[in-house]
Amino acid sequence: MLKITELSKTYEDGNLALDNLNLEISGGQIFALLGANGAGKSTTINIMCGFIPPSTGDVSIEDISMKAEPLKLRSKIAYLSENVMLYDNFTGYQNLQFFAEIAGKKMKKAELEQVLRDVGLQDSFIHKNIAKYSKGMRQKVGIAIALVKDTPLFLLDEPFSGLDPKAAYDFQMIIEKLRTEGKTIFMSTHDVFRAKEMADVVGIMKGGKLLMLKTKDELANEDLNKIYLQYIENREIS
């Protein structure tokens, strides 16, 4: 479903942010990419979204190539950043309505309200200004916007960052529900625990290189935290 081929990014200052990344992810899978700050996780997502150009390589989704059809490729992606960009002077409903219209989706008021309920937003907040929302509530509106766009691939950049335990659990349930609906999730994260618990495939990146790639079954009896530290900090597994 998602294929990344020989993807690299070198910035003008000579910094090699991404080094020959090759990766394939099947439809209906959650892929978790672990790595410290500066590992290349966000660079990978930014290239996939079309925010920055790659130096070499290509990305394809459902056989649509980024090089050949960049706009068509972007239409296959819903992106949720670590800090969801919403209009604070709008309500949650108004934000969803606005972004739905941009995506060309014609939906009735009751339908949009139901999408917000489906992602766990309380009725009492649906028509309140975003400025009054917690970070977890903003994340829910962000995923509602992604749901309305109805794309096969969801790109999530540090989705659990700054969430309290209840909000993080709620968000995890939403992501896992998306997988049951056949959506593919590409998630960059620092959360080793949730990566092992949720992901069908886990990768570890350092210095722009993908150092490890293992399936859920391969990690079933392994301590992913120790493996992560071994790769990131060159520690020995005791």
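Take the conditions out of contact with any helix residue (DSSP H, G or I) (no Cβ under 8 Å at 6 or more places or on another chain), at pLDDT 90 or above and either over 25 Å from Leu2 (Cα atoms) or of a type in the set (D, E, K, R) (or both) and apply them to Phe90. Does it pass?
Taking the combined requirement at face value, the residue does not satisfy it.
Being buried (at least 16 other Cβ atoms within 10 Å of the Cβ), of a type outside the set (Val, Ile, Thr) and out of contact with any strand residue (DSSP E or B) (no Cβ under 8 Å at 6 or more places or on another chain) is the requirement here; does Phe99 meet it?
Against the criterion (buried (at least 16 other Cβ atoms within 10 Å of the Cβ), of a type outside the set (Val, Ile, Thr) and out of contact with any strand residue (DSSP E or B) (no Cβ under 8 Å at 6 or more places or on another chain)), Phe99 qualifies.
Could you identify the single residue in Lys226, Lys216 that is more than 22 Å from Ile61 (Cα to Cα), of a type in the set (D, E, K, R), out of contact with any strand residue (DSSP E or B) (no Cβ under 8 Å at 6 or more places or on another chain) and surrounded by 13 or more Cβ atoms within 10 Å (Cβ to Cβ)?
Result of the check over Lys226, Lys216: Lys226.
Let's see how each residue does on (1) at pLDDT below 90; (2) touching a Cys at 6+ places or on another chain (Cβ under 8 Å); (3) under 26 Å from Tyr11 (Cβ atoms):
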position	(1), (2), (3)
Phe154	no, no, no
Gly162	yes, no, no
Lys196	no, no, no
Gly203	no, no, yes
Ala220	no, no, no
Glu236	yes, no, no
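For the stretch 151-169, name all the residues that are more than 14 Å from the chain's Cα centre (by Cα), closer than 15 Å to Ser81 by Cβ and open to solvent by less than 60 Å² (accessible area, probe 1.4 Å).
Leu163
How about the stretch 180-215: which of its residues are closer than 16 Å to Leu23 by Cα and not aliphatic (A, V, I, L, M)?
First, the residues of the stretch 180-215 that are closer than 16 Å to Leu23 by Cα: 184-188, 199-206, 208-215.
Hits for the stretch 180-215 are Thr184, Phe186, Ser188, Asp200, Gly203, Lys206, Gly208, Lys209, Lys214, Thr215.
Could you check Thr180 against (1) among the hydroxyl-bearing types (Ser, Thr, Tyr); (2) under 20 Å from Gly28 (Cα atoms); (3) surrounded by 19 or more Cβ atoms within 10 Å (Cβ to Cβ) and say which number it fails?
(3)
Tell me which of these Gln172 doesn't satisfy, since it passes every other one: (1) crowded, with 17+ Cβ neighbours inside 10 Å; (2) farther than 20 Å from Ala32 by Cα; (3) of a type outside the set (A, V, I, L, M, F, W, C).
With (1) crowded, with 17+ Cβ neighbours inside 10 Å; (2) farther than 20 Å from Ala32 by Cα; (3) of a type outside the set (A, V, I, L, M, F, W, C) applied to Gln172, the lone miss is (2).
Just checking, which of Ala167, Ala195 is in a helix (DSSP H, G or I) and touching a Gly at 6+ places or on another chain (Cβ under 6 Å)?
Working: Ala195 fails: touching a Gly at 6+ places or on another chain (Cβ under 6 Å).
The match here is Ala167.
Please work out which residue is farthest from Lys216 (Cα to Cα), limiting yourself to the stretch 24-35 and to residues that are open to solvent by less than 10 Å² (accessible area, probe 1.4 Å) and of a type outside the set (Val, Ile, Thr).
Gly35
Pull up the stretch 39-52, narrow it to residues that are assigned to a loop (DSSP other than H, G, I, E, B) and free of Cβ contacts under 8 Å to residues at least 40 places away in the same chain, then point me to the one that is surrounded by the fewest Cβ atoms within 10 Å (Cβ to Cβ).
Top of the filtered list is Phe51.
Of the numbered conditions (1) more than 14 Å from Gly203 (Cβ to Cβ); (2) of a type in the set (Asp, Glu); (3) in a strand (DSSP E or B), Asp19 fails exactly one; give the number of that condition.
For Asp19, the failing item is (1).
The values are calculated or read from the model by the stated rules, or taken from the named source; none is laboratory data. The structure displayed is predicted, hence computed values, not measured ones. Positions of Cβ are generated from backbone atoms using ideal geometry, with glycine treated the same way; all protein chains shown enter the neighbour counts. In case anyone asks, the SASA skips ligands and DNA or RNA and just uses the protein heavy atoms, side chains included. Shrake-Rupley method; radii C 1.70, N 1.55, O 1.52, S 1.80 Å.
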